[in-house]
Amino acid sequence: MADPIALIDCNNFYVSCERVFDPRLAGVPVIVLSNNDGCAIARSEEAKALGIKMGAPAFKMRDVIERHGIRVFSSNYTLYGDMSRRVVDTIGGFSPRFEVYSIDETFVDLSGFGERMIAQASDMRQEVRERTGIPTCVGIAATKTLAKLANFAAKKNPLFAGICNLTDDAIRDYVLDRVPIGEIWGVGAATEAKLQAQGILWASQLRAMPLPHARKIGTVVLERLVAELRGVPCIGIEEVEPQRKGMAVTRSAGTPMTSFDELSQALSAHASRAAEKLRSHGLVAGTITAFFHTNRHKPERPQHSASRTTRLTPMSADSFDLVEAALRCAARAWKGDRDHNGYAYTKAGVILDDLVVADKAPRLLFPPDRPRDARLMGALDAVNDRFGKKTLVLASEGYKRSWALRADHRSPRYTTRLSDLPTVNI
DNA sequence: TCTGGGGTCCTAGGACCC
DNA sequence: TCTGGGGTCCTAGGACCC
């Protein structure tokens, strides 16, 4: 059999993070909202039981929240990111080979533990719980896809008590007969519909599908998926984070933007933030895309969506370069009167592509007369690092920030900001 | 009437993930 | 009034080459 892989996945991660720092949240319904307090992206079991759906818009839940006293939080990514790091640190103590798959999931290579495999997984859960306060579930199987499925079963079926081992043939058949195809990692709405149309409803049925048929329905991706369901590993554990290919900063506007000025200010802020991210990773970008669009959830209103892409020559991580390029794109994409063109834009962003490690970037044959001075960006980052984000910004960002997003229910940055440390009364 | 064959590279768009 | 943000991979099709 292939080497066993474990997937350790934090339960309702964002909610669990909030609970670590406020024990009064235990046992009560809690939800965490997306950016701009838009929709629910994490729910406690109690909130799920009340029918709160993943991705449900906050404004439509007002009644339920009121009626059941659901505790609501804006997302606090600084806190979640830091807690995630602590969880991963703990997991790293259990196996030398692991892959951080997302903020709340890690694949762990369990080969070599033999009989002790299950005990090891159990210890790992225990240790994460003790050191971070975060509850987890573990799924074990021969492939990543099966490990994801095992984790799903561990979460859903209390019989497994948090650990589901699909390397056991009987358990594997039992689970695959009962998991709907839509719950399988890699089967989204489109593939689910295609499969259902052919009468394939359960994971075990998909596993039995001939490989050529799978490829016909869903290209090589579905073919690999079927192989993985059969226990043939097609997706390896990636211990080192691969060089990232693109980077985006996009935001909904707190209040819709109706003038080119407002849009420019928002895009300036997004482009600066993108440049900051690039520099923190030691990268430069080769192309930049700026886009903006109206509210797609309101088709009865006038709709407009536009985007433009331009090359950055030389490749750059300089805030001035990126802001300039983004605004050039926006100006080309804007239509009509600059003060008021009849559209209300609710979302804008910049996307960077062709990312390269800064000192490997190609040099220009004919460099610009007045090249950007890297020391300026160094100073900018140093000031903002020391005195807080946005202490120093480019003037093109404006000062009103009318587009800025909402976050009315944010919890304190308990672990990353001294002034937010909890106080203990003795 | 008859109009080659075989490549590469790039981009846009779809599908999926958390 | 109010519906997130940030990624990856794959394919088809066009442009271009000899």
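The values are calculated or read from the model by the stated rules, or taken from the named source; none is laboratory data. None of these values were measured; they are calculated from a predicted model. Note that each Cβ is placed from the backbone with ideal geometry, even for glycine, and that neighbours are counted across all protein chains shown.
Look at A:Gly282 and say whether it is in contact (Cβ under 8 Å) with a residue 24 or more places away in the chain, more than 30 Å from A:Ser74 (Cβ to Cβ) and within 16 Å of DNA strand B (Cβ to nearest atom). Taking the combined requirement at face value, the residue does not satisfy it. Taken together, the criteria place A:Asp385 among residues that are under 26 Å from the mean Cα position of the chain (by Cα), modelled with pLDDT of 90 or more and either within 30 Å of A:Asp22 (Cα to Cα) or not in a helix (DSSP H, G or I) (or both).
For the stretch A:168-215, give me each residue that is assigned to a loop (DSSP other than H, G, I, E, B) and within 11 Å of DNA strand B (Cβ to nearest atom). Working first, answer last.
Our first condition is that a residue be assigned to a loop (DSSP other than H, G, I, E, B); within the stretch A:168-215, this holds for A:168, A:177-179, A:184-188, A:198-201, A:208-210.
Answer for the stretch A:168-215, where residues must be assigned to a loop (DSSP other than H, G, I, E, B) and within 11 Å of DNA strand B (Cβ to nearest atom): A:Ile184, A:Trp185, A:Gly186, A:Val187, A:Gly188.
Yes/no per residue for (1) of a type in the set (S, T, N, Q); (2) within 17 Å of A:Lys335 (Cα to Cα):
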{"position": "A:Ser259", "(1), (2)": "yes, yes"}
{"position": "A:Glu262", "(1), (2)": "no, yes"}
{"position": "A:Ala266", "(1), (2)": "no, no"}
{"position": "A:His270", "(1), (2)": "no, no"}
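Going by what's in this entry, would A:Glu262 be described as charged (D, E, K, R) and surrounded by 20 or more Cβ atoms within 10 Å (Cβ to Cβ)?
On the way: charged (D, E, K, R): yes; surrounded by 20 or more Cβ atoms within 10 Å (Cβ to Cβ): yes.
So A:Glu262 fits the description; yes.
For the stretch A:367-380, the criterion of being assigned to a helix (DSSP H, G or I), in contact with a strand residue (DSSP E or B) (Cβ under 9 Å, 6 or more places away or on another chain), in contact (Cβ under 8 Å) with a residue 40 or more places away in the chain and in the same structural domain as A:Ala253 (by the TED database) is met by none of the residues.
Condition check for A:Glu300 on (1) more than 16 Å from DNA strand C (Cβ to nearest atom); (2) acidic (Asp, Glu); (3) out of contact with any helix residue (DSSP H, G or I) (no Cβ under 9 Å at 6 or more places or on another chain); (4) outside any helix (DSSP H, G or I): one failure, at (1). What are the residues in the stretch A:151-167 that are assigned to a helix (DSSP H, G or I) and surrounded by fewer than 15 Cβ atoms within 10 Å (Cβ to Cβ), if any? Once the filter is applied, which keeps residues that are assigned to a helix (DSSP H, G or I) and surrounded by fewer than 15 Cβ atoms within 10 Å (Cβ to Cβ), the stretch A:151-167 yields A:Pro158, A:Leu159.
Do we find that A:Arg172 is more than 13 Å from DNA strand C (Cβ to nearest atom) and buried (at least 18 other Cβ atoms within 10 Å of the Cβ) in this structure?
Details: more than 13 Å from DNA strand C (Cβ to nearest atom): yes; buried (at least 18 other Cβ atoms within 10 Å of the Cβ): yes.
Considered against the rule, which asks whether it is more than 13 Å from DNA strand C (Cβ to nearest atom) and buried (at least 18 other Cβ atoms within 10 Å of the Cβ), A:Arg172 comes out as yes.
In the condition set (1) among the aliphatic types (A, V, I, L, M); (2) touching a helix residue (DSSP H, G or I) at 6+ places or on another chain (Cβ under 7 Å); (3) at positive phi, A:Ala153 is compliant with all but (3).
For the condition under 28 Å from the mean Cα position of the chain (by Cα) and under 28 Å from A:Pro135 (Cβ atoms), what is the one hit in A:Thr250, A:Thr255, A:Thr145? Explain how you work it out, then say what you get.
Values: A:Thr250 fails: under 28 Å from A:Pro135 (Cβ atoms); A:Thr255 fails: under 28 Å from A:Pro135 (Cβ atoms).
Going through A:Thr250, A:Thr255, A:Thr145 in turn, just one is under 28 Å from the mean Cα position of the chain (by Cα) and under 28 Å from A:Pro135 (Cβ atoms): A:Thr145.
Considering only residues that are among the acidic types (Asp, Glu) and closer than 20 Å to A:Arg410 by Cβ, which ones fall in the stretch A:25-65? Across the stretch A:25-65, the qualifying residue is only A:Asp37.
Of all the residues in the stretch A:325-341, those that are without any contact (Cβ under 8 Å) to a residue 60 or more places away in the chain and either closer than 12 Å to A:His270 by Cβ or crowded, with 19+ Cβ neighbours inside 10 Å (or both) number 3. Take the conditions (1) over 16 Å from A:Lys148 (Cα atoms); (2) within 13 Å of DNA strand C (Cβ to nearest atom); (3) not in a loop (DSSP other than H, G, I, E, B); A:Glu262 misses just one of them, which is (2). Set side by side, the residues A:Phe152, A:Phe107, A:Phe73, A:Phe160 differ, and just one is farther than 26 Å from A:Val28 by Cβ and either among the hydrophobic types (A, V, I, L, M, F, W, C) or within 16 Å of DNA strand B (Cβ to nearest atom) (or both), which is A:Phe107.
In the stretch A:183-212, what count of residues is obtained for those that are away from DNA strand C (no atom under 16 Å from the Cβ) and either assigned by the TED database to the domain that holds A:Phe152 or surrounded by 14 or more Cβ atoms within 10 Å (Cβ to Cβ) (or both)? Total meeting the criteria: 12. In the stretch A:83-109, of all residues being more than 16 Å from DNA strand C (Cβ to nearest atom) and of a type in the set (Gly, Ala, Ser), the one that is nearest to the chain's Cα centre (by Cα) corresponds to A:Gly92.
Can you name every residue in the stretch A:342-356 that is assigned to a loop (DSSP other than H, G, I, E, B), near DNA strand C (Cβ under 9 Å from one of its atoms) and buried (at least 20 other Cβ atoms within 10 Å of the Cβ)?
In the first step, residues of the stretch A:342-356 are kept if they are assigned to a loop (DSSP other than H, G, I, E, B); the result is A:342-344, A:354-355.
Filter again for near DNA strand C (Cβ under 9 Å from one of its atoms), leaving A:344, A:355.
Passing the criteria: only A:Leu355.
Please tell me if A:Phe320 is in contact (Cβ under 8 Å) with a residue 60 or more places away in the chain and at negative phi. Considered against the rule, which asks whether it is in contact (Cβ under 8 Å) with a residue 60 or more places away in the chain and at negative phi, A:Phe320 comes out as yes.
Filtered by the rule that a residue be among the polar types (S, T, N, Q) and over 23 Å from A:Glu45 (Cβ atoms), the stretch A:64-89 gives a lone residue, A:Thr78.
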